[in-house]
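Written below as structure tokens is the structure these notes are about.
The values are calculated or read from the model by the stated rules, or taken from the named source; none is laboratory data. Computed from a predicted model, the values in this text were never measured in an experiment. As a convention, Cβ positions derive from the backbone with ideal geometry for all residues, glycine included, and neighbour counts pool all protein chains shown.
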Amino acid sequence: MTMIKEYFKQQNVQTFALLLFVALIHLTRSPEVLIDSRFWAEEGGFFTNAWVMPPLKALFFSYGGYLNLPVNAATLIARWCIPLIYAPYVTMGIGVLFQLLPTYLLLTARDKWLSSFKIRLLLALLLLFVPESLEISLQSLHIQFQLTLAAAITLILDTDSRHQRYFKISILLLTALSGVMSITLLPLYLLRCLLDKELLRFEQFIILLIGNVIQFSCFYESFHDRKYYFSMTDFLSIFFAKDLYIPFFGNNSLSNSYLLYLQSLIKAQQIPIFACSVSIFVLLTIVYCFYKYPNTRLASYLLSYNLLNLALVTFGAIGPSYWFFEPYFNQRYAFINQSLMCVLLTYFIYTLPKKGRYICGLLSVWLLIINYHNYYHFVSHSYGVTPWREQVKLWKQTPNIKIEIWPKGWFVKLPVTH
């Protein structure tokens, strides 16, 4: 028994066990996805490209106004490395691996504030249950959000030439080549370079900069479905709804009625005074903690990127701003910020005085209770579409048919001479 206890005290064993647990929760959240398999909406379009385009062209295909290299690569692997009938399992499996990435970085970090197993366990559970993740789960289309979160986490982790140096800069380069959200990380990485005066931090900044130069000079273009509009009222209201209200009250019949009320105010171009006031109060409280307690200031990078990223996604989101208040909608835009607030809360538990740690601990427990139920609020991933394998069997009999993968016109049209 003593040997077993000592074995499980090893950090690598704890890390493996926690990652396995998190992966199992992700995989069993929606059993119909594992049973039936599926591509997620636009993911089917990328898979079609992998069939009809030359591999190199498909790898660097730009959709939605930017290069999304991970989904291009994942669908190419699904196209060339496995029978068609099992292809969605490839993108699902790759999606799960990237879902584990931010948690893996934190669990394997050598920073002092992450040395305690209790802190690492709490952080893993918060990152698992609190962020709204239904839209980015079990698919490769939205790997960019997991990568961007990993890049933001890398910003606050210690640098070490012998520990994950090249792994981290690979993450930063791939993040920049998977979307545009990392552009707002550049000033924060530059600031940390100037303050820390570390060569390895400068290396991270340069890699992230090179990736963004490639993305914005070679692939980025304006996309007609994005709104390209910013309002401070909407910004504060969305921060309230996505970063505070939903995490602490969940999505349910009682809480959703207030979200719909906020939505009606935004539609009518009225100012949600209460929501904006609470947002300002919470932000000022966090800033006061940074001012009062110097040990907490590393987490200011998390808050800064939270606000910069929120400004970016509210400006460039697809659809009007009132979609953010629709229950279970626009989760991908909230995932990074909700995750960063979890990391910030955990960092406060480590760095604040006793009373602050106690308050943050209670808040963490409340978040886990509310969001455990929220996480397992089952919403079908298939939405009534005929399972992929059944449609592939029909396609083999009649190759000119379209394989439906998602409602409202999402389908895969493969060439007859496959």
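Odds and ends about this structure:
- Spans of helices (runs of 4 or more DSSP H) in region 55-164 with at least 2 residues hydroxyl-bearing (S, T, Y) and under 21 Å from L177 (Cβ atoms): 143-156
- P387 falls short on exactly one of the conditions (1) touching a residue at least 12 places away in the same chain (Cβ under 8 Å); (2) under 19 Å from N256 (Cβ atoms); (3) not charged (D, E, K, R), and that condition is (2).
- Set L284, L310: member being under 28 Å from L191 (Cβ atoms) and in contact (Cβ under 8 Å) with a residue 40 or more places away in the chain: L310
- All positions within region 22-68 that are surrounded by fewer than 20 Cβ atoms within 10 Å (Cβ to Cβ), among the aliphatic types (A, V, I, L, M) and within 20 Å of the chain's Cα centre (by Cα): A23, L24, I25, L27, A41
- Near pairs, Cβ below 7 angstrom, 6+ apart or cross-chain, from region 246-275 (touching a residue at least 12 places away in the same chain (Cβ under 8 Å)) to any residue that is hydrophobic (A, V, I, L, M, F, W, C) and exposed (fewer than 14 other Cβ atoms within 10 Å of the Cβ): F248/W366
- Options A241, A299, A275: the member that is crowded, with 18+ Cβ neighbours inside 10 Å, at pLDDT 95 or above, among the small types (G, A, S) and touching a Ser or Thr at 6+ places or on another chain (Cβ under 7 Å): A275
- Subset of region 178-189 that is out of contact with any Leu (no Cβ under 7 Å at 6 or more places or on another chain) and surrounded by 16 or more Cβ atoms within 10 Å (Cβ to Cβ) - its residue that is nearest to Y305 (Cα to Cα): I183
- Restricted to region 324-418, the set of helices (runs of 4 or more DSSP H) holding at least 3 residues that are among the hydroxyl-bearing types (S, T, Y) and either at negative phi or at pLDDT below 90 (or both) comprises 331-351, 354-375.
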